[in-house]
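Visitor: What follows is a single structure, and I will ask about it in a moment.
The values are calculated or read from the model by the stated rules, or taken from the named source; none is laboratory data. Everything quoted here is computed from the prediction, not taken from an experiment. Ideal geometry is used to build each Cβ from the backbone, glycine not excepted, and the neighbour counts take in all protein chains shown. Ligands, DNA and RNA are excluded from the accessible area calculation, which covers all protein heavy atoms including side chains. Shrake-Rupley method; radii C 1.70, N 1.55, O 1.52, S 1.80 Å.
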Amino acid sequence: MAEALAQNVITSFVQGVISSNLTNLNNLASKEAGLLLGVRREITYIIEELEMMKAFLRSAEEKQETDFMARVWVRRVREVSLALTIISFLDWLGFRLRSLCTLHVRHEIAAEIQDLKYRIAHISDCRLRYGITAIPSSYYNASSSMGPRFVDYRLGALFIQEDQLVGIDEPRRKLTNLLIRDEKQCRVISVLGMGGLGKTTLTKRVYEDLQMIGEYFDCRAWITISQTFNLNVLLRDIIKQVASLDHKMDLNNEDLINQLEKLLKNKRYIVVLDDIWSIDAWESIKHALPENNNRSRVIVTTRIEEVANNCCADASGVDYVYKLQLLSKEQSMELFQRRVFGHNKRYPEHLENVANDLIAKCGGLPLAIVAMAGVLKSMPTPDDHQQWTNLLNNLSSVFETNQSLEGMKQVLLLSYNHLPYLLKPCFLYLSIFPEDHLIIRKNLIQLWVAEGLVCNQYAMSAEVVAEYYFNELVSRSLILPSEVGLNGKVKSYRIHDIMLEVLIFKSMEENMVSIHGKHSRSSLKDGNVIRRLSLQRESNQIRGIPDDVNVSQVTSLLIYDFQMILALLPRFRLLRVLVFENYSFDCDEEKVSFLQILSKFRHLRYLSLKGTSLKSYPTKKMKSTFSKSLSKLRNLVTLDIRDVGIRRLYSSVAKLKQLRHLLMRNSDSFILPLFNVNYKMNSGVLLNLKNLQTLVGLKINNMEIAEELGFLTQLRILKISVDSKSPKILSSACVSLNKLSGTLHSLSLTVWPEPPERFNLNINNHPYLLQSLQLRGGCNLPYWVSSLNNLATLTLIIDNKNLDNDLGVIKRLPNLLYLTLSSFYYTSVELLFTKGGFRRLKLLHIYGMEELKSIEFQIECMPVLKKLVINGGWSLTRVIGIGFLPCLQEIQLISAPKRIIEVLNSDVDTHKNIPKLTAINVKDN
């Protein structure tokens, strides 16, 4: 799938490397010049072939061919296409074209290209020899009965017996209440959730309930949509159901819409549109469903949040999107037991542990639970512990062979099949992460870019495009958000265990990712060229990679809790991505050996060593080796060296001119950072890193670095510490920040040690794009903060002298969502939040105020505040006005006196929301 980017990659390469060598042709013999020109013609031929391959593969992907022979042939085409694009080919060719010094090398170039041409011709011959014809579309068309071999596995959801349903009562009640709400307008209710969650089952039950009641609706229709559909046939189907009319004659869509409008004009109708996949589909259907002010209702079920919201766009601010949730652990177990052993029966005691593990694997997804239960129930001895364990441990293999899981697999694959072409490889890439792995959104975006799965589009950078791609996966319910900001932005996520199994299955089929360790029994297939490799430790087993497995073309290596790695690393020669996090070395010699190996990965674009400590005593050799190793990695785009234990970047890092993201420590903690956790940098380094977009963890302790900072005019995220001992350094840092104000989206500045006089961050050019601002140490609130209309997050150390004025400025910020307030130690503080302002604030975090005496909220001071966190208020005696926070849902106390718990318990009990109150590290007064 990465072949979609191949044309630009190879064309750019030809124009660069080859053209640069052609300038030296006058120095070559005529025979040698002719050979080089011949190489160029051959590469032009390959580029043209690649363009045709790219078009063919895109067509094949969109049509979703199901014939096995055709799929094998498509895979072979993809392999050849990838062979032209991976770094091994470019690297091999580039090296030889730069070293045209021997006739032998040039003949080797020609031979390799001839081999590629042969493979292309051979694939073409195979198509003719085996009669593989043009690939037809095999999408199911729900309204045209295409293809006798298609099985719609979704139909089973329409015919589930009542006693087989679990956890449906509350959703059933809520959805029914939305439908019978006393509103004359025709309302659209969207039922949203990932595939297999039970949207169709729930909607069918409610639909039948209303049919039994009878008096609510005059007529009804249930229509199952598909990823493609025939509007004419669909309209006929609706007419047939609402009026028992079956048109034999040919009528166009306009005539059918007009007739349907007449039929429904004076009737109270309910129409279900099950499984809508696009806004275009809804737009084409909705005009046939008239607004007759007769309390009519339309229900749509969909996996896509954007579609759900669009269908309900005319709801006048009322939320008509019902988001279906995963089953609880108890509900999951009840459904599982019913399906395996029958109603009101429990599994035998010896199966308890493995049953719990299987339920956890299903993750509350009803379709997965039913499918797993089906496999176990079909076994000769359903209570055999070994068979249950085999299913749990070999699910990837069972996916390929067991027909009981085929329905679940196909239902979940529908979501994959409907993805836009360029999004499919991004989604498949998620199979590279281990089960239950917490994936940080920013890290994933940088990985996508480094892998070449996302590139610049028009005026948008690759990172911005990747943000859109990520949001699309969230909207399509394909990933499970783990941490969601109060602005609705997903910070981290996980992949549902069953969806991960489907991803691994599809990724193996497409040869996108290979997994060794966990799932190694099936993912390292014979004959597949390994491109991306994920090493994952399974239980206590440690497996090495057999010597006969060829890893010479691996371009991405991600290592998760896999210990036998140092001996393996030299076998990887062409890495572009290396994730080597939280690794424990046995000795200093191993650390030095690793750094020496690392220096040979000259093509790395993404390197994360986060948590892999390189700290050593004595440190001189280690620092030197570390610096030299990094200096060799001149193609690096992302470098994450947080918590590696080495605190200085030397001048050699200045050679990393492609670097866009440099992360040197984790500065997300609210604790004031000390100098020894920030990186020092030699003068002159920043001048060569002008492509930086992210710079995290730098200590500015000299004038040169302070001045050089101003040259990083691409910076979007900046987290730095400035030495306050020199006023000149502070002043110079301000001048540099002034130069960066037009691009910064996030700024974290620590001035430390606290200066005798609080520091004013004077910037003439207001950083109007700022969305996050953190000021720690001795910083005053800048006057220009009042102009930051985009600011969503603010962390500030307040000063009692300016407290009222600062809160007055902050409260007027129109889009502030998160506010963290701290103060100097041993400074008596009384916080008063007055009426008005803070109109969108959802989280208030009060931190580290050792002498905080009281907190008071006046009426209408924070109308939408959801969470209040008080951390470290040992001297706190009063919290007044909790009842004036109408949307409050949670209060969290950390390191608080017992007397405050007692006061707040009383306030919580009388609050209309009864907020959740949690307390950690409580001490007696």
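Visitor: Restricting the range 228-259 to residues that are of a type in the set (Val, Ile, Thr) and in a helix (DSSP H, G or I), which is farthest from Val298 (Cα to Cα)?
Guide: Per the stated criteria, the residue is Val233.
Visitor: Can you go through Ala313, Ala308 and tell me which one is open to solvent by less than 30 Å² (accessible area, probe 1.4 Å) and either at negative phi or not in a loop (DSSP other than H, G, I, E, B) (or both)?
Guide: Ala308
Residues are listed down the side, and each one gets a yes or a no for (1) farther than 13 Å from Gly778 by Cα; (2) in contact with an Asp or Glu (Cβ under 9 Å, 6 or more places away or on another chain); (3) open to solvent by 20 Å² or more (accessible area, probe 1.4 Å):
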residue: Leu730; (1), (2), (3): no, yes, no
residue: Ser736; (1), (2), (3): yes, yes, no
residue: Gly742; (1), (2), (3): yes, no, yes
residue: Leu747; (1), (2), (3): yes, no, no
residue: Trp752; (1), (2), (3): no, yes, yes
residue: Phe759; (1), (2), (3): no, no, yes
residue: His766; (1), (2), (3): yes, no, yes
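Visitor: Right, next: Suppose the filter is touching a His at 6+ places or on another chain (Cβ under 7 Å), hydrophobic (A, V, I, L, M, F, W, C), closer than 27 Å to Gln325 by Cα and assigned to a helix (DSSP H, G or I); does Val375 pass it?
Guide: Against the criterion (touching a His at 6+ places or on another chain (Cβ under 7 Å), hydrophobic (A, V, I, L, M, F, W, C), closer than 27 Å to Gln325 by Cα and assigned to a helix (DSSP H, G or I)), Val375 does not qualify.
Visitor: Cβ-Cβ distance below 9 Å, separation of 6 or more or different chains: which pairs start in the range 363-374 with a residue that is under 16 Å from Leu165 (Cβ atoms) and open to solvent by 30 Å² or more (accessible area, probe 1.4 Å) and end on one that is part of a helix (DSSP H, G or I) and among the aromatic types (Phe, Trp, Tyr)?
Guide: Val370/Phe336
Visitor: A further question on this structure: Test Ser514 against the criterion of being farther than 30 Å from Thr302 by Cα, among the hydroxyl-bearing types (Ser, Thr, Tyr) and modelled with pLDDT under 75, and give yes or no.
Guide: For Ser514, the condition - farther than 30 Å from Thr302 by Cα, among the hydroxyl-bearing types (Ser, Thr, Tyr) and modelled with pLDDT under 75 - is not met.
Visitor: Within the range 312-356, can you find the residues that are under 15 Å from Ser190 (Cβ atoms) and aliphatic (A, V, I, L, M)?
Guide: Ala313, Ala315, Val318, Val321, Leu324
Visitor: Can I ask one more? I'd like to know if the range 260-278 contains one or more residues that are closer than 27 Å to Asn417 by Cα and not in a strand (DSSP E or B).
Guide: Among the residues of the range 260-278, at least one is closer than 27 Å to Asn417 by Cα and not in a strand (DSSP E or B), which makes the answer yes.
Visitor: For the range 796-819, which residues satisfy the criterion of being farther than 17 Å from Cys861 by Cβ, outside any strand (DSSP E or B) and open to solvent by less than 30 Å² (accessible area, probe 1.4 Å)?
Guide: Selection gives Asp799 alone.
Visitor: Further question: Condition first: surrounded by fewer than 20 Cβ atoms within 10 Å (Cβ to Cβ) and at pLDDT 90 or above. Now tell me which residues in the range 292-305 satisfy that.
Guide: Correct list: Glu305 only.
Visitor: Also, quick follow-up: In the list Leu781, Leu791, which residue meets the criterion of being free of Cβ contacts under 8 Å to residues at least 40 places away in the same chain, buried (at least 20 other Cβ atoms within 10 Å of the Cβ), hydrophobic (A, V, I, L, M, F, W, C) and within 26 Å of Gly488 (Cβ to Cβ)?
Guide: Leu791
Visitor: Go through Leu235, Leu289, Leu273 for me and flag whichever is within 30 Å of Gln325 (Cα to Cα), among the aliphatic types (A, V, I, L, M), under 39 Å from the mean Cα position of the chain (by Cα) and open to solvent by less than 10 Å² (accessible area, probe 1.4 Å).
Guide: Leu273
Visitor: Answer yes if at least one residue in the range 625-634 is at pLDDT 85 or above, open to solvent by 20 Å² or more (accessible area, probe 1.4 Å) and either more than 22 Å from Glu590 (Cα to Cα) or touching an Asp or Glu at 6+ places or on another chain (Cβ under 6 Å) (or both), and no otherwise.
Guide: Yes, the range 625-634 contains at least one residue that is at pLDDT 85 or above, open to solvent by 20 Å² or more (accessible area, probe 1.4 Å) and either more than 22 Å from Glu590 (Cα to Cα) or touching an Asp or Glu at 6+ places or on another chain (Cβ under 6 Å) (or both).
Visitor: Could I ask something else about it? Where residues in the range 689-744 are touching a helix residue (DSSP H, G or I) at 6+ places or on another chain (Cβ under 7 Å) and of a type in the set (Asp, Glu), which of them is nearest to Ser631 (Cα to Cα)?
Guide: Glu708
Visitor: Criterion first (in contact (Cβ under 8 Å) with a residue 12 or more places away in the chain and in contact with an Asp or Glu (Cβ under 9 Å, 6 or more places away or on another chain)) does Lys923 satisfy it?
Guide: No; evaluated as a whole, the condition is false for this residue.
Visitor: A follow-up question, please. May I ask you to list pairs of residues, at least six apart or on different chains, whose Cβ atoms are under 6 Å apart, with the first in the range 563-582 being touching a residue at least 60 places away in the same chain (Cβ under 8 Å) and in a loop (DSSP other than H, G, I, E, B) and the second being of a type in the set (Val, Ile, Thr) and open to solvent by less than 60 Å² (accessible area, probe 1.4 Å)?
Guide: Once the first residue is touching a residue at least 60 places away in the same chain (Cβ under 8 Å) and in a loop (DSSP other than H, G, I, E, B) and sits in the range 563-582, its partners that are of a type in the set (Val, Ile, Thr) and open to solvent by less than 60 Å² (accessible area, probe 1.4 Å) give Leu574/Ile87; Leu574/Thr555; Arg576/Ile87; Arg576/Thr555.
Visitor: Within the range 820-920, which strands (runs of 3 or more DSSP E) (wholly inside it) include 3 or more residues that are crowded, with 16+ Cβ neighbours inside 10 Å and in contact (Cβ under 8 Å) with a residue 12 or more places away in the chain?
Guide: Fully inside the range 820-920 and qualifying: 829-833, 843-847, 852-857, 867-871, 890-897.
Visitor: Could you grab me the full set of residues in the range 529-548 that are open to solvent by 30 Å² or more (accessible area, probe 1.4 Å), at pLDDT 75 or above and either of a type in the set (Gly, Ala, Ser) or within 17 Å of Met508 (Cα to Cα) (or both)?
Guide: Val529
Visitor: Here is a follow-up. So which of Tyr469, Tyr493, Tyr429 ends up being assigned to a strand (DSSP E or B) and either touching a Pro at 6+ places or on another chain (Cβ under 6 Å) or surrounded by 17 or more Cβ atoms within 10 Å (Cβ to Cβ) (or both)?
Guide: Exactly one of Tyr469, Tyr493, Tyr429 is assigned to a strand (DSSP E or B) and either touching a Pro at 6+ places or on another chain (Cβ under 6 Å) or surrounded by 17 or more Cβ atoms within 10 Å (Cβ to Cβ) (or both), namely Tyr493.
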